[in-house]
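Heads up: the structure comes next, in structure tokens.
The values are calculated or read from the model by the stated rules, or taken from the named source; none is laboratory data. Everything quoted here is computed from the prediction, not taken from an experiment. When we count neighbours, we look across all protein chains shown, and the Cβ atoms used for this are built from the backbone with ideal geometry, even at glycine. Ligands, DNA and RNA are excluded from the accessible area calculation, which covers all protein heavy atoms including side chains. Shrake-Rupley method; radii C 1.70, N 1.55, O 1.52, S 1.80 Å.
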Amino acid sequence: MKILVTGAAGFIGSHVCEHFAKQGHEVVGIDCFTPYYDLTLKRLNAEDIQKAGVTLLELDLAGDVAELVTAVQGTNVIFHLAAQPGISAGTEFDTYLRNNVIATQNLITAAQKSADLHLFINIATSSVYGYHATSSEEAIPQPTSHYGVTKLTAEQLVLAESREGRLPACSLRIFS
């Protein structure tokens, strides 16, 4: 099976890549190496996943959709972990919009052009629940940060395509 992982040089993404590579799957990772996290650590993660047999592409999901269409071709499963993380007052809303919403929409567009895609797994966040991020998953989302708002938007873009039968997808809200 061919598996594509966005945010591949991040902490969770790198572990997902390594896990599936060790299982014998063909794994392609995408990361754009934004400076939010220490780039030295991300480059070390990148080296580790490449040693595990992962093909790593340095691509900006919010950039050229044609590049993403090429990267996604032949993919069976997509794990979409890439995002502008954090609840930071120092990060402009436009950065969250670009890296969480536009990037996700571009990836959806590319994924829909892949005849081999079986599942698109969006990785969301407990930040969609706002101040009470320990509530039940049935709780109504009430995000209180740009991060939570844009991750909820990205999640709903994925799920809207799924509800309409245009994308085999699900979304998982990860808690820290």
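Observations on the structure shown:
- Size of charge dipole - the stretch 1-136 - debye, nearest 20, with Cβ of Lys, Arg +1 and Asp, Glu -1, no other charges: 280
- Simple rule: put +1 on each Lys or Arg Cβ and -1 on each Asp or Glu Cβ in the stretch 94-176, find the dipole, and look at Gln105, Gln156, Ile174; the Cα lying farthest toward the positive end is Gln105.
- Each 10 Å bin from 0 upward holds the following percent of the Cα-Cα pairs of the stretch 77-176: 16, 48, 29, 6, 0.
- Shape of the stretch 63-112, Cα gyration tensor, a/c cut at 1.5: prolate
- Sum of side-chain charges, Thr70 neighbourhood, beta-carbon under 15 Å (Lys, Arg +1; Asp, Glu -1): -3
- Candidate lysines - alpha carbon under 19 Å from Lys51, same-chain residues fewer than 8 apart omitted: Lys2, Lys22, Lys42
- As a fraction of the 1.4 Å probe accessible area of the chain, surface on carbon and sulfur atoms comes out at 54 percent.
- Separation between Cα centres of the stretch 11-53 and the stretch 88-124, rounded to whole Å: 18
- Rounded if a/c under 1.5, otherwise prolate or oblate - the stretch 7-52, Cα gyration tensor axes: prolate
- Surrounding net charge for Asn45, when Lys and Arg each add one and Asp and Glu each subtract one, Cβ distance under 14 Å: -3
- Using the 1.4 Å probe convention, the accessible area of the chain works out to 50 Å² per residue with neighbouring protein chains retained.
- The stretch 96-141 - convex hull of alpha carbons, volume per residue in Å³: 93
- Computed Kirkwood radius, in angstrom, where 1/r is averaged over Cα pairs of the stretch 127-176: 11.5
- Rounded accessible area of His118 (nearest 10 Å², 1.4 Å probe): 120
- What the pair-distance distribution of the stretch 23-151 shows, using all Cα-Cα distances binned every 5 Å from zero, is 2, 10, 17, 19, 19, 16, 11, 5, 0 percent.
- A straight chain from Glu92 to Ala52 at 0.36 nm per residue would run longer than the Cα-Cα distance by 10.8 nm.
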